[in-house]
Amino acid sequence: MTSPLNRPQDPQLTLLKVLRQEQQRGYNNRSVVGGLDRLLERHQSALASSVLGWTPPTPSHEGPQRSSAMITYAAMSAAQREQWVQATIGVLEKAQDTVPPRRLQEPKAGGRPRKTTPPAPRPSIILDGPLSQLRAAGRGVAQKLERLGLQTVRDLLHHFPRRYNEIRQVKDLRPLEEEQAAVVTLWEAAAPRQGAWARKATEAVVGDETGNVRVVWFNQPYLARSLRPNARLLLSGRVGVHRGQPTFESPDYEPVTGEDASYGRPRRSSAMITYMPGHLLPIYPSTEGLSQRALRRAVREALTEALSHVQETLPSELRERQRLLGLHEALSQAHFPDSSEHLEEARRRLALEELLLLQLWALGHRREWRVPGSGIPLPAQPKVLEAFLSFLPFHLTAGQQRAMEEVLKDMEQPVPMNRLLHGEVGSGKTVVALAALLTAATNGYQGALMAPTEILAEQHFLTVSNLLAGAARPRQEKHRIAFSLDPHPQPLSIGLLVGSMTARQKEEAYKQLADGTLDMVIGTHAIIQEGVTMPKLALAVVDEQHRFGVAQRTALRQRSSGRRPHLLVMSATPIPRTLTLTLYGDLDISAIGEMPPGRQPVRTRWAREHQRQASYDFLRRQVEQGRQAFVICPLIEESEALQVRAATEEHQRLSQEVYPDLRLGLLHGRQPAREKSRVVEAFRQGELDVLVSTPVVEVGVDVPNATVMLVEGADRFGLAQLHQLRGRVGRGQYAGYCLLLSEDPSPEAQERMALVERLQDGFALAEEDLRLRGPGEYAGVRQSGMPDLHMARLSDRELLLLARQAAAAILEKDPQLERPEHRPLKEALERQRRGTPGEMS
């Protein structure tokens, strides 16, 4: 009797499987060795013409020849292949449905008939359905996948590897390293029956030509039953010490074989993924308790069962012009690539799709926001601006002048402004914002400036008060100032609204905003609380806008009961040009690239640990000369996990041991708002010599007399944050100094500190920051609702420009994406919108 394992497969079923794989590979004729034509000819007698519409070849002494009326699969265009494959799959599936059920096996003599129950047909996978549809994503695995933010099968298909291990590049087993990857032979595996790990682990011995080593998989005793002696495995993981011997501790593993290379790909089944030398092993972002092996099995099953349901997103014209892979092949190659070259082809195709969706989102949002007539035209008031500028104790820089002209020109239009203003700390963005607010007020409307913290809001209010001091009217209130600017006939007012104000003070501010007697307001989230209305709001300025959620920015816009207000967002972090195109593609950009005249660069030094006392001595000398200093710590309180200095303990130590004769203050985020305001004001008034603080002073504390910024644990900060911190000193007539202290910096941290020491230009530092950290670290400034970037890199400048051009061309022809070739793009954008709710801004 023929064994079921050796029974020849139904040729129609074989062809059906190959055609489905051909769909996944984008119809590239590489699903079987020799191409699809070779498979069809090999089984021509079994593949009836009534099923496939196939004409058998005509034999000759030169070998089989195809009918002259028949076009080969290899000669078909991509569109023809797709049409033929889909039609043939339909015919084959119908034929499979009509196959009569297998007869029950005849009973043996004198025996009872054996009943056979055919397996239940597997339901079709729903792409946007739960992961529990996958056999490899049982309850435990599905829960761990959810911790990664993966809810659906589609999510899993777009959970791409973070790196790949090339099997032929793994090292010998010996000498052992702390992190090791090696191809080994499994000699034995068993679950210990005694000891602490009895029946709770699998222990094994593996080896190669350089020696043997022990392996232990904790909490996985079941592996002892599935691992077979003499199996070839790829092990990768940490090597520690177990029972006094070097041991692989719960390593990731995959079977390796040199056989069954007919597809030139990893051999796959629903239960196992088998790799051969030369393949790339995907390593995925994971979470505790979720092994790479389990992740790969879930992804492979998703590809096998669901890829045929994935709809091609890019228009065929764009794919053909740019010679891009089909989506099925790109997804397959991104997870399990044939080679590095195939992987880069897949990455390029998927990256272009991500960037195209992003640009469609940005340009579409821009069109939606800039509807003619939906804004409030606010003509510039040259005489009033001239009076305002005359009160300033300085002249505007060229960058400030250019930015102000761009903002005021936008505000004159009947479409709402949507502009980003970014530049160095201290480059003068507040003056530009104030000119815009004054323009709104002198046109009879209201303006609001919202800051993320009370410290920054109060600093803005103080700065504005000082700038308008020459125009101020007598008898000013604490939280409200009135001033006159000729030739404007009426006095103007500006108020402060923060959470620490008394209930009575806030009620008074609410009333003045509602009846329009308060022209401008500076505040925090208190501005957008329920009950706050500004019926004549025409300009909203948001400072440090990435610190606000979408709902908060939307609520600020909605304070107005009329048309859409103009929006000006500000960032004190210089942003690389590629990043502005990517993350802020819907905004117009104004950049202030230079500092005010006379502003000296802050001299920055990376002080090694043996230079700590010298740093303390330098700070003391500055204080003795009448200056003030900051000491910044990365944490509020000490942490056992992080060996870095904390603000509360450092304040106590410095006060008692280093500077007992100086006046030290403490500032951190957990203090009540009034306490923080009191400490900042004391430092500002010179009542404190040294302010020990967490990075809460990064924005908002402006003390011209402060000249020293000593940063503890500087390796814990990024380039942009270090640059912003040092921007807090040297803002007056005296030079500023920044001292970076770090007890044991990593090589990456050493490079960051060396860059801050060498570079003063914030824009140059931003480019270096992008190079070092990549786009992932900019998630905090990514606008909510924006399509995700998984495969695209912010260094893909050519792809980014191509995507922007393609998006503009598509929207020019089809603004609503209603054409059939654009509907998949629209559906992808809608899925993204559902995944990240809220107005996109």
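If E594 passes every condition in (1) at pLDDT 85 or above; (2) over 30 Å from R367 (Cα atoms); (3) under 33 Å from the mean Cα position of the chain (by Cα) but one, which one does it miss?
Condition (1) is where E594 drops out.
If you go through the stretch 293-330, how many residues are open to solvent by 40 Å² or more (accessible area, probe 1.4 Å), in contact with a His (Cβ under 9 Å, 6 or more places away or on another chain) and part of a helix (DSSP H, G or I)?
So the count comes out to 1.
Give me the residue from the stretch 357-400 that is under 39 Å from the mean Cα position of the chain (by Cα) and of a type in the set (K, R) and, out of that set, farthest from E594 (Cα to Cα).
Ranking the candidates gives R367 first.
With a cut-off of at least 1 residues that are surrounded by fewer than 22 Cβ atoms within 10 Å (Cβ to Cβ), name the strands (runs of 3 or more DSSP E) lying wholly within the stretch 443-498.
Fully inside the stretch 443-498 and qualifying: 480-483, 492-497.
Going through the stretch 755-771 one residue at a time, which ones are under 21 Å from P601 (Cβ atoms), open to solvent by 40 Å² or more (accessible area, probe 1.4 Å) and part of a helix (DSSP H, G or I)?
Correct list: E757, R758, F763, E767, E768.
I'm trying to understand the selection: among the residues of the stretch 674-702, which are within 35 Å of the chain's Cα centre (by Cα) and assigned to a loop (DSSP other than H, G, I, E, B)?
Listed by number, the residues that qualify are T694, V699, G700, V701, D702.
Conditions (1) at pLDDT 80 or above; (2) under 30 Å from P130 (Cα atoms); (3) part of a loop (DSSP other than H, G, I, E, B); (4) not aromatic (F, W, Y), marked per residue:
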position: A181; (1), (2), (3), (4): no, no, no, yes
position: L186; (1), (2), (3), (4): yes, no, no, yes
position: G195; (1), (2), (3), (4): no, no, yes, yes
position: T202; (1), (2), (3), (4): yes, no, no, yes
position: N212; (1), (2), (3), (4): yes, no, no, yes
position: P229; (1), (2), (3), (4): yes, no, yes, yes
position: S262; (1), (2), (3), (4): no, no, yes, yes
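I'd like to verify a number: residues in the stretch 695-742 that are polar (S, T, N, Q), open to solvent by 10 Å² or more (accessible area, probe 1.4 Å) and farther than 18 Å from E681 by Cα, how many?
Counting residues in the stretch 695-742 that are polar (S, T, N, Q), open to solvent by 10 Å² or more (accessible area, probe 1.4 Å) and farther than 18 Å from E681 by Cα gives 2.
Could you please let me know if A181 is more than 30 Å from H790 (Cα to Cα), among the aliphatic types (A, V, I, L, M) and in contact (Cβ under 8 Å) with a residue 12 or more places away in the chain?
no
Of everything in the stretch 597-623 that's of a type in the set (G, A, S) and surrounded by 15 or more Cβ atoms within 10 Å (Cβ to Cβ), which residue is modelled with the lowest pLDDT?
Result: A607.
So, of the residues in the stretch 645-673 that are part of a strand (DSSP E or B) and either of a type outside the set (G, A, S) or in contact with a helix residue (DSSP H, G or I) (Cβ under 7 Å, 6 or more places away or on another chain) (or both), which turns out to be surrounded by the fewest Cβ atoms within 10 Å (Cβ to Cβ)?
Among residues in the stretch 645-673 that are part of a strand (DSSP E or B) and either of a type outside the set (G, A, S) or in contact with a helix residue (DSSP H, G or I) (Cβ under 7 Å, 6 or more places away or on another chain) (or both), the one surrounded by the fewest Cβ atoms within 10 Å (Cβ to Cβ) is G665.
The values are calculated or read from the model by the stated rules, or taken from the named source; none is laboratory data. These numbers were taken from a predicted model, which means no experiment stands behind them. Glycine also receives a Cβ, built like all others from the backbone with ideal geometry; neighbour counts cover every protein chain displayed. These area figures cover heavy atoms from the full protein model, side chains too; ligands, DNA and RNA do not enter into them. Shrake-Rupley method; radii C 1.70, N 1.55, O 1.52, S 1.80 Å.
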